[in-house]
Amino acid sequence: MERTWMSEEETRRAGVLKRVQSGELAQVEAAEILRISYRQLKRIYRRFRRQGAKGLVHRNAGKRSNRAKPDKERRRILALVKKHYGGGPGERFGPTLAAEHLEEDHGIQVDAETLRRWMLAEGLWSRERKRKAYRQRRLRRGHFGELVQMDGSFEDWLEERGGRGCLIHMVDDATSTGLARFEEEETTWGVAETLRAWVERYGVPRALYVDWKSVYLPAASKRQKEEGIVPVSQFGRMCQKLGIELIGANSPQAKGRVERGHGTHQDRLIKKMRLKRISSYEEANQYLADEYLEQHNGKYAVAAREMADYHIGLPRGFDLEQVFCLEEERTVSPDWVVQYGSRWLQIEKQQKVRVMPGAKVAVREHRDGTLSVWLQERKLRWHEAAERPRKVARAMKPRRAVRNVPSVNHPWRRPFKESAPSASATRGSR
């Protein structure tokens with residue numbers, strides 16, 4: 001259907017051309033006002049004199065574009081979107097993601113904006129925008145590795161194909177480079193494995209921005225507050241060994257970069273794993289490492305403002321196994337035994353370092369359940385005692401019998417006649 005109304009630009013042109021027609025303006029001056037060439041002005045002025053203002057309406061206005069896709073191809077694309085990428089709110093793919101997968105899965109190239117118009121017209125896409133409270137965005141840090149945000153997101157990531165899981169997600173503040181792993185819960189082992197993967201890939205970051213959860217920054221007890229003791233979690237101890245500063249965020253908005261990353265993964269990752277028919281979190285972690293994270297970083301990561309990388313490389317031979325472990329301090333007993341939970345670790349006699357009863361040693365429990373005992377960063381040899389060592393009974397000194405010797409004037413030393421009461425005294429008392 002041909003458009004009959006005039007746009008704002010066409011109305012403005014008509015007003016200037018009326019002034020030319022009345023002799024108020026020369027054609028050269030009108031061309032300068034409208035910012036067009038003198039030749040183009042002569043052409044549109046000729047149409048204006050023959051047809052009036054409606055002659056200024058563009059000839060293709062309201063007509064189908066010559067570059068428009070055929071209706072048959074449009075219907076085919078929308079059918080694929082409805083079949084593979086449709087669903088209810090929260091399940092269906094957005095136009096950008098759907099356009100990506102049309103090209104990846106079906107070899108069909110279509111512009112995301114074109115697909116958005118088609119999906120809106122067919123009712124396959126709608127997005128309600130809700131006004132949020134005003135917040136001023138914090139500037140990104142300048143260097144890669146200067147600050148990394150870390151948080152866990154609980155979701156039914158595998159939908160009905162698997163149970164609820166936790167995606168532990170790390171995002172660099174300067175570049176939005178991300179790394180993530182699936183775990184059952186946001187536990188010490190879960191966050192430790194994710195940080196270890198980051199360290200092995202990029203190096204040791206300068207600081208981590210985390211929640212005030214006990215796994216990261218435990219709250220001090222009443223006694224610790226009174227004594228001025230700052231509690232350190234197992235994860236905090238790992239970060240101390242690597243020289244990483246732990247910074248607590250006071251609100252979810254403070255670590256908005258990782259929170260927005262959660263939203264992106266909850267939209268895109270769930271749908272991508274549905275297409276891959278991934279049904280276990282082991283498969284999901286493999287998919288993250290092999291394919292998804294590289295694609296995600298390629299799409300969303302940006303260049304840092306400064307060139308210098310603030311990550312610190314690990315020295316050659318540095319053993320991360322002795323960092324990412326649970327460590328407890330124990331005391332060596334008089335019989336050279338260390339108790340760890342319900343286990344009894346017998347320290348062997350031959351050692352490279354001298355071990356004395358009462359010495360403080362570190363017992364480290366690794367992810368695979370194995371234990372190691374350390375004294376001053378020297379590994380000790382030990383074996384597990386078959387049973388709980390018996391306490392050695394202390395030798396008791398024999399007790400000597402003490403004779404109680406009566407004193408000289410004790411009644412027992414008096415003759416019986418002297419000590420017995422007389423008969424007259426007895427009758428008087430009656």
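Quick note: the coordinates plus some simple rules give every number you see, no bench work behind them. If you're wondering where the values come from, they're calculated on a predicted model, not measured in any experiment. Reconstructed Cβ throughout: ideal geometry from the backbone, glycine too, with neighbour counts over all protein chains shown.
Brief remarks on what is shown
- Given charges at Cβ of Lys, Arg, Asp, Glu: the chain dipole, positive-most of 350, 16, 108: 16
- Entries of 213/241; 72/271; 213/271; 349/397; 225/255 with Cα pairs more than 23 Å apart: 72/271; 213/271; 349/397; 225/255
- The mean sequence distance of close C-alpha pairs (under 8 Å, at least 6 residues apart), as a share of the length of the chain, puts its relative contact order at 11 percent.
- Among the GluC sites (Glu not before Pro) in the range 299-335, those placed in a DSSP loop whose Cβ has at most 15 other Cβ atoms within 10 Å are 306.
- Placed amide H near residue 344: partners under 5 Å, 5+ positions off or other chain: 385
- Gyration tensor analysis over the Cα atoms of the range 15-124 returns equivalent ellipsoid semi-axes of 48, 13, 13 Å (largest first, whole Å).
- Theoretical ellipticity at 222 nm over the chain - DSSP helices of four or more residues, -39500 (n - 2.57) apiece, nearest 500: -10500 deg cm²/dmol
- Fraction of alpha-carbon pairs over 33 Å apart in the chain - percent: 63 percent
- Highest GNM mean-square fluctuation among 398, 406, 334, for the chain modelled with Cα contacts below 10 Å: 406.
- Under 12 Å from the Cα of residue 299 - aspartates and glutamates, other chains or at least 8 residues apart: 100
- When you filter the GluC sites (Glu not before Pro) in the range 137-231 for DSSP loop state and at most 15 other Cβ atoms inside 10 Å of their Cβ, you are left with 184, 185.
- Loop sites in the range 25-104: GluC sites (Glu not before Pro), DSSP, at most 14 other Cβ within 10 Å: 91
- Exposed-site-free run, longest, the chain (rule: chymotrypsin sites (Phe, Trp or Tyr not before Pro); DSSP loop; at most 14 other C-beta within 10 Å): 6-133
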